[in-house]
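The values are calculated or read from the model by the stated rules, or taken from the named source; none is laboratory data. It should be emphasised that the depicted structure is a prediction, and the values quoted were computed from it without experimental measurement. Quick reminder, even Gly has a Cβ in these numbers, built from the backbone with ideal geometry, and neighbours come from all protein chains shown. We work out accessible area using only protein heavy atoms, side chains counted, and drop any ligands, DNA or RNA first. Shrake-Rupley method; radii C 1.70, N 1.55, O 1.52, S 1.80 Å.
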Amino acid sequence: MNNTAFGLLIGFELGLGLAWIFSADIGDDVTKFYTYLIAASVSLIAATITLIGVFASIERANSAEAETRHRKLISARALLPTSLAKMCKICEAGMLYSNGFEKFLKDLGEAEFRATSLKELEVPSDVVAVFRDIIELSDDEAIRNRIAGVIREHQVHLARWSSEFTKNTGMLPKTKDELKQRTVGWAYLYAITVSLFGYGRGETEKLQNVDPHQLISSALNVRYHSSIFVEDFEEEVGLYARTFERRFK
């Protein structure tokens, strides 16, 4: 683009020259032609110099912006493993509370259970900031979609959890199937999160293929909650594994 104006200058001069060759008379017409040609050339040269400066400034600004974006992305990726680990803890709490819903409700009471669980299931603002930076700065659509999926799925799960507690009618009783689905839902979010660790640690620049069924099943093996048995959730695991494949593959 830096040569655009100069090209116009050359083309304009050649055009004038050809026009003079075919139509100009000898004498005064020659003087007039060169007068016009010199004036036009000076104007176009000045325009060329101006445009070159403008284009150079734009290029420098674009380079500086790209460098700034790159540095911010490096910073966000450096913080991503910690943010993913925090999200995993939230998912583990979600599985724990969902699977032991009735027990926690009985032991803590509705008000304390609500306050305690909602506090632990909320995503800290620093984690949200890191996820948002990755979405805004990464050029990889698959990575952006995967991290956006973490945020989106968490919002859905947290909204569902909040709806379990009602101020007017109290907590509604939950069936065994509902609690199983809630439990595996948090395991599904855990699986999405875990699938980003390779990228977060800098081990790869691209997302690697994963087995969602295996990731979700592994998530259910919460070390400190021995009452969760994967074989009791096979139907729900299969459902969420298919959801993972449909949304992120």
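Among the small types (Gly, Ala, Ser), open to solvent by less than 30 Å² (accessible area, probe 1.4 Å) and at pLDDT below 90: is that true of Gly149 in this structure? Please lay out each step first, then the result.
On the way: among the small types (Gly, Ala, Ser): yes; open to solvent by less than 30 Å² (accessible area, probe 1.4 Å): yes; at pLDDT below 90: no.
For Gly149, the condition - among the small types (Gly, Ala, Ser), open to solvent by less than 30 Å² (accessible area, probe 1.4 Å) and at pLDDT below 90 - is not met.
Answer yes or no as to whether Asp232 is open to solvent by 50 Å² or more (accessible area, probe 1.4 Å) and modelled with pLDDT under 90. Taking the combined requirement at face value, the residue satisfies it.
With respect to being of a type in the set (Lys, Arg), modelled with pLDDT of 90 or more and over 18 Å from the mean Cα position of the chain (by Cα), Arg182 fits the description. For segment 180-225, the set of residues classified as small (Gly, Ala, Ser) and either open to solvent by less than 10 Å² (accessible area, probe 1.4 Å) or part of a loop (DSSP other than H, G, I, E, B) (or both) consists of Gly185, Ala187, Ala191, Ser195, Gly200, Gly202, Ala219, listed by residue number.
Among residues of segment 112-135 that are closer than 14 Å to Thr193 by Cβ, those with a beta-carbon under 6 Å from a residue that is in a helix (DSSP H, G or I) and open to solvent by 70 Å² or more (accessible area, probe 1.4 Å) at least six positions away or on a different chain give the pairs Val127/Lys86; Val130/Leu79.
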